[in-house]
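The block underneath contains the structure these notes are about, expressed in structure tokens.
No lab work stands behind these numbers, since they all come straight from the coordinates. If you're wondering where the values come from, they're calculated on a predicted model, not measured in any experiment. Glycine also receives a Cβ, built like all others from the backbone with ideal geometry; neighbour counts cover every protein chain displayed.
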């Protein structure tokens, strides 16, 4: 008997299910299943263009760094080439943060550290791939 009373009290404390149309006030933006407001087509286009600029700048800087490594160090036997990549990554980070993204009118402060790591990883990968292709160009 005590359990029934406890269950009834719990059920009474639950809020009723209310449809969105029944709530007074201004209607909010349509929400997705995750509960976040849906993005407008203009916002989606802006985000797409920003991501494209970030990716293309990382790709171009990576290819340029690969060519620089090939011209400056050749096979990399004379110098410990891994230590050369760290300053190259630092320089590309600085150039992108101070020159490229502000010229492209991207908000640099909104780019998270996770995104910066991803951008610099793309630069590193494209640098190593370009350098490797140039080292093996005689086989092509």
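Give me the distance between the Cα centres of the stretch 92-119 and the stretch 41-67, rounded to whole Å.
Using only Cα atoms, the two centres lie 10 Å from each other.
Mind giving me the nanometre distance, one decimal, between the label points for residue 67 and residue 99, set 7 Å out from Cα along Cα→Cβ?
Each label point lies 7 Å from its Cα, and together they span 1.4 nm.
If you look at just the Cα atoms of the stretch 41-139, how large are its Rg and its Dmax in Å?
Answer for the stretch 41-139, Rg first and Dmax second: 15.2, 53 Å.
Say a paramagnetic label sat at a point 7 Å from the Cα of residue 40, along Cα to Cβ; which residues of the stretch 72-112 have their backbone N under 20 Å from it?
106-107
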